[in-house]
Amino acid sequence: EAVSRSGDERERAIAMGEAARCLALLENDLAQAEALVLEAGALSKRAGFDHAAIADALGMLRMHEGRLEEAADHFARGRSLARRDADSMGEFLAIEHLIAVEMERGDATAARRLSADLVALGEKLREGSEEPFARAIEAITRAAAGDDGAHDDLEAALGDLRDADAKQRLAFALVRASRLELLHGD
């Protein structure tokens with residue numbers, strides 16, 4: 001956040017969007033995150049540009065409020081902006097969050113369609129937890145569609161997520177897998 005106070009309007013707006021996204025991800029000081037993202041949005045509008053971090057942060061905040069339609073719109077816009085800017089990580093995050101919305105809405109078909117895009121991006125990134133997380137989500141969506149082979153793939157991906165020490169992503173995948181097992185009476 002301190003870095004966001006220096007530089008030109010574009011740099012400040014992007015840094016504020018990133019800071020807001022971090023606060024929303026941590027679910028810490030959401031009021032501050034809201035203030036940052038609104039200021040970032042105003043700066044970016046005045047400077048005549050839009051950035052994926054701002055859209056993603058807005059989406060995360062709306063998702064925390066339970067406003068899933070608005071969240072999905074912001075995530076879709078963030079994905080488009082990241083793609084326009086050749087920002088693979090920004091696009092990955094936007095898709096990751098879109099999948100969370102679709103899962104929350106119970107739309108397994110949309111989540112599965114998006115998971116294929118997530119896997120493709122995760123394979124490109126390969127630096128951290130993105131690839132195993134994408135594979136875990138893809139396996140969860142396959143299992144939801146009745147693919148029996150998905151369970152072994154999910155176990156392997158969860159192991160890789162543990163190895164990557166991606167606690168937040170591992171927790172998300174485990175909760176989604178647990179919900180699926182409960183639905184199937186397991």
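The values are calculated or read from the model by the stated rules, or taken from the named source; none is laboratory data. It should be emphasised that the depicted structure is a prediction, and the values quoted were computed from it without experimental measurement. No Cβ is skipped: glycine too gets one built from the backbone with ideal geometry, and neighbour counts run over all protein chains shown. Heavy atoms of the whole protein, side chains included, go into the accessibility calculation; ligands, DNA and RNA do not. Shrake-Rupley method; radii C 1.70, N 1.55, O 1.52, S 1.80 Å.
What the table shows:
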| item | result |
| --- | --- |
| Fraction in percent of alpha-carbon pairs per bin - 5 Å, region 78-165 | 3, 17, 24, 25, 19, 9, 3, 0 |
| Accessible area per residue, Å², the chain with all protein chains present, probe 1.4 Å | 50 |
| Protein-only accessible surface order, largest first, of 18, 127 at 1.4 Å | 127, 18 |
| Protein-only accessible surface order, largest first, of 129, 80, 88 at 1.4 Å | 80, 88, 129 |
| Ellipticity estimate at 222 nm from DSSP helix runs (n ≥ 4, -39,500 (n - 2.57)) divided over the chain, nearest 500 | -26500 deg cm²/dmol |
| Principal axis box of region 7-67, alpha-carbon based, largest edge first, Å | 31, 20, 15 |
| Region 131-186 - charge dipole about Cα centre, Lys and Arg +1 at Cβ, Asp and Glu -1, debye rounded to 20 | 340 |
| Sorted largest first, extent of the chain alpha carbons per principal axis (Å) | 52, 31, 27 |
| Shape parameters for region 38-79, alpha-carbon atoms, Rg then Dmax in Å | 10.2, 31 |
| Efficiency of FRET between residue 152 and residue 46 - r from beta-carbon atoms, R0 45 angstrom, step 0.05 | 0.30 |
| Computed label-point distance, nm, for sites residue 22 and residue 10 using a 7 Å Cα→Cβ extension | 2.2 |
| Peptides 61-67, 10-16 ordered by average Cβ neighbours within 10 Å, highest first | 10-16, 61-67 |
| Length released on extending from residue 145 to residue 86, taking residue separation times 0.36 nm less the Cα-Cα span | 18.1 nm |
| Backbone N within region 25-43 under 13 Å of label point (7 Å from residue 70 Cα along the Cβ vector) | 34-35, 38 |
